[in-house]
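Visitor: Quick one: this structure, given as structure tokens, is what I'll be asking you about.
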Amino acid sequence: MKEFSKEYDVKMGKTIESVKGDFGAVRAGRANAQVLDRITVDYYGTATPLNQVAAISSPDPRQLVIKPWERSLLKPIEKAINLSDLGINPQNDGSVIRLSFPQLTEERRKELTKQVRKYGEAGKVAVRNIRRDAMDKIKAQKKKSEITEDDAKLLEKELQTITDARCKEIDQLTAAKEKELMSV
């Protein structure tokens with residue numbers, strides 16, 4: 001029975017990691033290489049993550065420097081950044097691409113906060129879907145008389161406790177990201 005709960009707890013943990021990744025992609029006014037994690041570059045006909053074709057560094061808090069392994073990738077990287085929802089114009093100086101992160105306006109902070117809330121809510125929905133799948137599995141096992149009704153109730157209670165804890169964790173992550181966004 002413990003393995004059953006553990007399996008679904010691990011699935012919920014993966015959902016939380018996904019939410020953390022979504023939050024990392026939301027820029028908070030400071031240069032953070034994580035905002036580039038979702039950008040892919042056309043590398044010899046293959047969509048390749050940016051961090052696999054270039055070195056990314058942060059010389060100061062408001063700037064990222066992207067140095068491709070091959071100079072021929074400058075234009076494709078610049079194009080990929082322009083096509084992304086990053087909202088920053090890359091400056092190509094012939095050897096590196098610079099991204100300067102402007103100070104966020106109050107309006108943009110509120111937009112990003114709404115986006116963070118959507119990511120958090122989507123994460124909680126995913127956790128609840130995992131719980132629903134587990135509950136369905138428990139009901140099916142109970143119907144086939146593979147587990148007793150007492151065991152089923154115990155598993156359902158345990159599953160609900162795990163779900164509540166994971167949803168609370170997502171709420172805490174969301175609140176922390178919102179605080180980070182709203183601090184000037």
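Visitor: What residue, of Leu155, Leu86, Leu159, Leu99, is over 19 Å from the mean Cα position of the chain (by Cα), surrounded by 16 or more Cβ atoms within 10 Å (Cβ to Cβ) and outside any helix (DSSP H, G or I)? Spell out the reasoning first.
Guide: Details: Leu155 fails: outside any helix (DSSP H, G or I); Leu86 fails: over 19 Å from the mean Cα position of the chain (by Cα); Leu159 fails: outside any helix (DSSP H, G or I).
So the residue among Leu155, Leu86, Leu159, Leu99 that is over 19 Å from the mean Cα position of the chain (by Cα), surrounded by 16 or more Cβ atoms within 10 Å (Cβ to Cβ) and outside any helix (DSSP H, G or I) is Leu99.
Visitor: Limited to the stretch 102-123, what total is found for residues that are surrounded by 13 or more Cβ atoms within 10 Å (Cβ to Cβ) and assigned to a loop (DSSP other than H, G, I, E, B)?
Guide: Qualifying residue count for the region: 1.
Visitor: With respect to Glu7, determine if the residue is at pLDDT 85 or above and more than 28 Å from Cys167 (Cα to Cα). Walk me through how you get there before you give the answer.
Guide: Working: at pLDDT 85 or above: yes; more than 28 Å from Cys167 (Cα to Cα): no.
No, not satisfied.
Visitor: On to the next question. Let me spell it out: the conditions are (1) surrounded by 11 or more Cβ atoms within 10 Å (Cβ to Cβ); (2) assigned to a loop (DSSP other than H, G, I, E, B), and Gly94 meets all of them except one. Which number is the exception?
Guide: Unmet condition: (1).
Visitor: Applying the selection to the stretch 124-152, what residues are open to solvent by less than 90 Å² (accessible area, probe 1.4 Å) and farther than 25 Å from Val19 by Cα?
Guide: Of all residues in the stretch 124-152, those open to solvent by less than 90 Å² (accessible area, probe 1.4 Å) come to 124-131, 133-138, 140-142, 147-148, 151-152.
Scanning the stretch 124-152 gives Lys137, Ile138, Ala140, Gln141, Lys142, Ile147, Thr148, Asp151, Ala152.
Visitor: Separate question: Which one of these does Lys14 not meet: (1) open to solvent by less than 40 Å² (accessible area, probe 1.4 Å); (2) out of contact with any Phe, Trp or Tyr (no Cβ under 6 Å at 6 or more places or on another chain); (3) modelled with pLDDT of 85 or more?
Guide: (1)
Visitor: Ok, one more. Looking at the structure I just gave you, is Ile130 under 19 Å from Ala33 (Cα atoms) and not in a strand (DSSP E or B)? Explain how you work it out, then say what you get.
Guide: Numbers: under 19 Å from Ala33 (Cα atoms): no; not in a strand (DSSP E or B): yes.
No, not satisfied.
Visitor: Which residue pairs have Cβ atoms closer than 9 Å, lie 6 or more positions apart in sequence or on different chains, and pair a first residue in the stretch 157-179 that is modelled with pLDDT under 90 with a second residue that is open to solvent by 30 Å² or more (accessible area, probe 1.4 Å)?
Guide: Once the first residue is modelled with pLDDT under 90 and sits in the stretch 157-179, its partners that are open to solvent by 30 Å² or more (accessible area, probe 1.4 Å) give Lys177/Tyr119; Glu178/Arg117.
Visitor: Please go through the stretch 48-78 and pick out each residue that is touching a residue at least 24 places away in the same chain (Cβ under 8 Å) and either open to solvent by 80 Å² or more (accessible area, probe 1.4 Å) or in a loop (DSSP other than H, G, I, E, B) (or both).
Guide: Val53, Pro61, Arg62, Lys67, Arg71
Visitor: Search the stretch 85-112 for residues that are within 16 Å of Leu36 (Cα to Cα) and pair each with any residue that is hydroxyl-bearing (Ser, Thr, Tyr) and at pLDDT 80 or above when their beta-carbon atoms are under 8 Å apart and the residues are at least 6 apart or on different chains.
Guide: Close Cβ pairs satisfying both conditions: Ile88/Ser100; Gln91/Ser100.
The values are calculated or read from the model by the stated rules, or taken from the named source; none is laboratory data. Predicted model only: the values in this text are computed from it and were never measured. Heads up, the Cβs are rebuilt from the backbone with ideal geometry, glycines too, and the neighbour counts pull from every protein chain shown. Ligands, DNA and RNA are stripped out before the accessible areas are found, and what is left, the full protein with its side chains, is counted by its heavy atoms. Shrake-Rupley method; radii C 1.70, N 1.55, O 1.52, S 1.80 Å.
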